[in-house]
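Structure, as structure tokens:
What follows is calculated from the coordinates using simple rules that are stated; it is not laboratory data. Just so we're clear, the structure is a prediction, and the values are computed from it rather than from any experiment. Reconstructed Cβ throughout: ideal geometry from the backbone, glycine too, with neighbour counts over all protein chains shown.
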Amino acid sequence: MRIIILEDEAPALRRIIRLLKDVDPYIEILGTAESIEEAKVLFETHTEVSLAIMDIELADGKSFELFQLMHITCPVIFTTAYDEYAIRAFKLNSIDYLLKPIELSELSAAIEKYKTVYESKTDTLNLLHLNLERILLEAVQNKTSFKTRFLVKSGIKYISLKTEDIAYFKAADKVITLISKENNKYIIDSTLEELKQQLDPHYFFHVNRQYIAHIQSIISIQSYFNGKLKIKLEPITDEDIIVSREKSTSFRAWMGE
């Protein structure tokens, strides 16, 4: 089986590769890509692809845009953080649609499903390509809407800051501060609970009572006593950031363990 993987988060990519090897050590990974442009080159380079595993959200757009740019004939397993309603709808016509963080049992079942469909030569694969854009657009419409920008005040000016440029949010003395990847600080009029509802959980995690962090800002994770974790963020903070024992399992899963 010859597989291409589209995934723009390094921890998630490593997890998929590891799980694929656990499912079938003879699987050949032809290549990986984190953007639509890289994926296009992959598909142009490799003409005999058995299966593609695609994250919906890539670095430069949504993976279904590929199907508008080129003719892709291989079946697809999609991975995403979309809600259950969209997942159930999409599963009607796809090989599979896996919710992150991906579990070994789910990926194994998806690979077996692919083998069954491929070997029996049913019309399922054709249905996938005929209905792909319609169903994906429906999934996007049913997905919870998350903020992509924050309007922040800097002096007398206002700046529109993209969420991908945010490192983390910090609560202190009843004030919420947004810290950018450039280590610029902006006070915002929100609570952490409000922010938790507004931010895409694929990228942001409510670490503790003081912090919500972007996945790319987490530069190290260490074991701490009583099952807790200690993490380090970039830009560097002047205090230890502790993940509670209750949250440690979900945090590791979110990081792609």
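Things worth noting here:
- For region 145-161 versus region 169-220, the spacing of their alpha-carbon centroids is 14 Å.
- Modelled spin labels at Thr191 and Glu112, positioned 7 Å past Cα toward Cβ, are 4.6 nm from each other.
- In Hz, Karplus ³J(HN,Hα) per residue of region 163-171 (6.51, -1.76, 1.60; θ = phi - 60°; x = Gly, Pro): 5, 6, 9, 8, 8, 6, 10, 10, 9
- Residue (of Met255, Tyr224, Ile212) at the positive-pole extreme of region 161-257, dipole from beta-carbon charges: Tyr224
- Cross-link check: pairs Lys185/Lys230; Lys21/Lys196; Lys100/Lys157; Lys157/Lys247; Lys113/Lys247; Lys40/Lys115 evaluated at a Cα-Cα cut-off of 27 Å; pairs beyond the cut-off: Lys21/Lys196; Lys100/Lys157; Lys157/Lys247; Lys113/Lys247.
- The amide H of Thr79, built 1.01 Å from its N in the peptide plane, has Met54, Asp55, Ile56, Leu98 as neighbours under 5 Å, considering only residues 5 or more places off or on other chains.
- Per-residue packing, averaged as other Cβ atoms within 10 Å, sorts the ranges 215-223, 38-46 into the order 38-46, 215-223, beginning with the highest.
- Prolate/oblate/rounded call for region 149-254, Cα gyration tensor, a/c under 1.5 rounded: prolate
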